[in-house]
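Student: This structure is in structure tokens; I'll ask about it shortly.
The values are calculated or read from the model by the stated rules, or taken from the named source; none is laboratory data. Not measured: the values here are computed from a predicted model. All Cβ positions, glycine included, derive from the backbone under ideal geometry; neighbour counts span all protein chains shown. Side chains are part of the model used for accessible areas, which takes the heavy atoms of the whole protein and leaves out ligands, DNA and RNA. Shrake-Rupley method; radii C 1.70, N 1.55, O 1.52, S 1.80 Å.
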Amino acid sequence: MSRALFIIDVQNDFTEGGALGVEGGAATAARISEYLAEHGAGYDLVVASRDWHNPDDHNDGHFATDSEPDYVTTWPEHCVAGTPGAEYHPALDTSHVDAHIRKGQGIAAYSIFEGTDDAGDTIADLLTRHGITDIDLVGIATDYCVRASALDALEHGQHVRVLRDLVAGVDDTTSDAAIAELGHAGVAIVDSGALPTATIVESPESGAPGDADAGNTAGTSA
């Protein structure tokens, strides 16, 4: 068994003061750094993703340029490549990160599985290379990119956990709905502080990929 940690989109534009700032985003970045300091060495692979949109087009309609954004399929300009908004939040310690994924280059992309690293490798490539069977997810936003990444991880046959105290969502109602959906799909929803150190590095002895563990909780605000 090998376990990976996915850090989803902890970027300036998704935290307070950014183009699509999420309340609690900066605090989430700091908590993730604290978690990495204590548990980062227990992961076989740590991957961080960033939205990384083209600066000179509407990214296949993802940016609202001719009308007001609907905040469902069209959005204000955000996380434009090479701008401060696309960079990691300064409270996030990236020294433990093994691979950096950029997604949304010219398109809408919510899941980390839609991106590539600097060498052009996909997440699926990295999972195979490192023999990953279990994934923990943290980051922003619970109701969008964390949700999409967790569902895609299940589709790729992984055991998946979302660490609910290390995510931040756009809206309480949609975040609650996302957590409930993920729990129903088989994602374990757990608090990082409730995880013994052994559970960071040990896989469940039985159960199909996606089976939720005893700590699974649906419908909890994140």
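Student: Between beta-carbons, use under 14 Å as the cut-off and find the net charge around G40, counting Lys and Arg +1, Asp and Glu -1.
Tutor: Numbers: positive: R3, R31; negative: E34, E38, D44, D93, D98, D136.
Spelling it out: positives minus negatives among the neighbours equals -4.
Student: What ranking of F6, F113 comes out by heavy-atom accessible area, probe 1.4 Å, highest first?
Tutor: F113, F6
Student: Quick check: net charge around N12, other residues with Cβ under 13 Å of its Cβ, Lys/Arg +1 and Asp/Glu -1? Please list the in-between numbers first.
Tutor: Numbers: positive: R50; negative: D9, D13, E16, D51, E87.
That sum, taken over residues with Cβ under 13 Å, equals -4.
Student: Hey, another quick one. What does the charge count near T174 come to, summing +1 for each Lys or Arg and -1 for each Asp or Glu among other residues with Cβ under 11 Å from its Cβ? Spell out each step's value before the answer.
Tutor: On the way: positive: R147; negative: D143, D171, D172, D176, E181.
It works out to a net charge of -4.
Student: Related question: What full-extension length gain, to one decimal in nm, is calculated for A30 and D165 as 0.36 nm per residue of separation minus the Cα-Cα distance?
Tutor: Values: separation 135, 0.36 × 135 = 48.60 nm, distance 1.16 nm.
Answer, rounded to one decimal: 47.4 nm.
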